[in-house]
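Novice: Here it is, the structure, as structure tokens.
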Amino acid sequence: MNAECLICKAPLEYLPQAEMMECALCHKQEMSNTRCVNGHYVCSDCHTEGMDAIIGMCLAATSKDPFEILEQMMDAPFCYMHGPEHHVMVGAALLAAYKNSGGEVDLEKALMEMYNRGKQVPGGICGLWGSCGAAVSSGIFISIVTGADPLTKESWGMANLMTSKALNNIGVIGGPRCCKRNGHIAIDTAIDFVAENLGVQMEKKKHVCRYFKNNNQCIGKRCPFSPANNK
């Protein structure tokens, strides 16, 4: 069993009803459905400390392959096997690859907006809300590059379609969750969606998971990126 709790390394548990939790690191109190089996809770702000490095990493990226950029962030110290950092990282990687592939976007401003919006997406919503944060992150990406807001027409529709297509592709595989798998699926879906709807072709290469040994709930051959399916 690989470590999950940032305090005692014990497995996490998800409660059917939210309870008031106190963060073991900053002592902030808030409602949450998640804690470790020993009762420790770590808030999203503490869990994602150092995540602001995403902006500099994406500004420096030259790849047109968003998953290549995402993997660089996945290997950074602020990123864990699972966590809400992925809700920023997916959209940020797409923004950087979109820019590098000829997409028109003020990348620095867009990354700041992605960071601010993505941080508001809670951890665990894939199972608790039925809306994976990686898919939501791809929808935020489309919203940013098309200028969507609640009152726009075509761009509003595109942002929601992006999220729905990513959610469908994530959902048909089934759980339990894997932030690496779902991030990859959301990005693969977004590459095709952007090419079809925005005329920008990002690179889409075949990637094989390097993280499965760190995932206690790895679904093995059911995962399209499992080494077992890519020999």
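Novice: So how many residues does the stretch 95-123 have that are in a helix (DSSP H, G or I) and under 11 Å from the mean Cα position of the chain (by Cα)? Steps first, answer last, please.
Specialist: Pass one, the stretch 95-123, residues in a helix (DSSP H, G or I): 95-100, 107-118.
With under 11 Å from the mean Cα position of the chain (by Cα) added as a condition, the list becomes 118.
Of the residues in that region, 1 qualify.
Novice: Filter the stretch 124-155 down to the residues that are without any contact (Cβ under 8 Å) to a residue 12 or more places away in the chain and not in a loop (DSSP other than H, G, I, E, B), then identify the one that is least open to solvent (accessible area, probe 1.4 Å).
Specialist: ILE125
Novice: From the set of residues in the stretch 51-64 that are of a type outside the set (A, V, I, L, M, F, W, C) and open to solvent by 70 Å² or more (accessible area, probe 1.4 Å), which is nearest to the chain's Cα centre (by Cα)?
Specialist: Checking each candidate, the answer is ASP52.
Novice: Restricted to the stretch 205-215, and to residues that are more than 15 Å from HIS86 (Cβ to Cβ) and in contact with a Phe, Trp or Tyr (Cβ under 8 Å, 6 or more places away or on another chain), which residue is surrounded by the fewest Cβ atoms within 10 Å (Cβ to Cβ)? Reasoning before the result, please.
Specialist: Here is the first cut: in the stretch 205-215, the residues more than 15 Å from HIS86 (Cβ to Cβ) are 205-208, 210, 212-213.
So of that shortlist, the ones also in contact with a Phe, Trp or Tyr (Cβ under 8 Å, 6 or more places away or on another chain) come out as 205, 207-208.
On the way: LYS205: 11, HIS207: 17, VAL208: 13.
So, considering only residues that are more than 15 Å from HIS86 (Cβ to Cβ) and in contact with a Phe, Trp or Tyr (Cβ under 8 Å, 6 or more places away or on another chain), the one surrounded by the fewest Cβ atoms within 10 Å (Cβ to Cβ) is LYS205.
Novice: Still on this structure, I have one more. Working carefully through the options GLU85, GLU4, find the one that is out of contact with any helix residue (DSSP H, G or I) (no Cβ under 6 Å at 6 or more places or on another chain), in contact (Cβ under 8 Å) with a residue 60 or more places away in the chain and surrounded by 14 or more Cβ atoms within 10 Å (Cβ to Cβ). Explain how you work it out, then say what you get.
Specialist: Values: GLU85 fails: in contact (Cβ under 8 Å) with a residue 60 or more places away in the chain.
Criteria check complete, one pass: GLU4.
Novice: From the residues in the stretch 22-50 that are in contact with a strand residue (DSSP E or B) (Cβ under 6 Å, 6 or more places away or on another chain) and outside any strand (DSSP E or B), which one is least open to solvent (accessible area, probe 1.4 Å)?
Specialist: TYR41
One line per residue, one yes/no per condition, for (1) among the hydroxyl-bearing types (Ser, Thr, Tyr); (2) in contact (Cβ under 8 Å) with a residue 60 or more places away in the chain; (3) open to solvent by 10 Å² or more (accessible area, probe 1.4 Å):
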position: LEU161; (1), (2), (3): no, no, yes
position: LEU167; (1), (2), (3): no, no, yes
position: VAL172; (1), (2), (3): no, no, yes
position: PRO176; (1), (2), (3): no, no, yes
position: ALA186; (1), (2), (3): no, yes, no
position: THR189; (1), (2), (3): yes, no, yes
position: ASP192; (1), (2), (3): no, no, yes
position: GLU196; (1), (2), (3): no, no, yes
position: GLN201; (1), (2), (3): no, yes, yes
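Novice: Is there any pair with a first residue in the stretch 56-79 that is under 13 Å from ASN100 (Cα atoms) and a second that is open to solvent by 40 Å² or more (accessible area, probe 1.4 Å) and not in a helix (DSSP H, G or I) whose Cβ atoms are under 6 Å apart and which are 6 or more apart or on different chains, and what are they?
Specialist: Partner pairs satisfying both residue conditions: LYS64/GLU203; ASP65/GLU203; ASP65/LYS205.
The values are calculated or read from the model by the stated rules, or taken from the named source; none is laboratory data. Since the model is a prediction, treat every value here as computed from it, not as a measurement. Reconstructed Cβ throughout: ideal geometry from the backbone, glycine too, with neighbour counts over all protein chains shown. Surface areas here come from the heavy atoms of the whole protein model, side chains and all, with no ligands, DNA or RNA. Shrake-Rupley method; radii C 1.70, N 1.55, O 1.52, S 1.80 Å.
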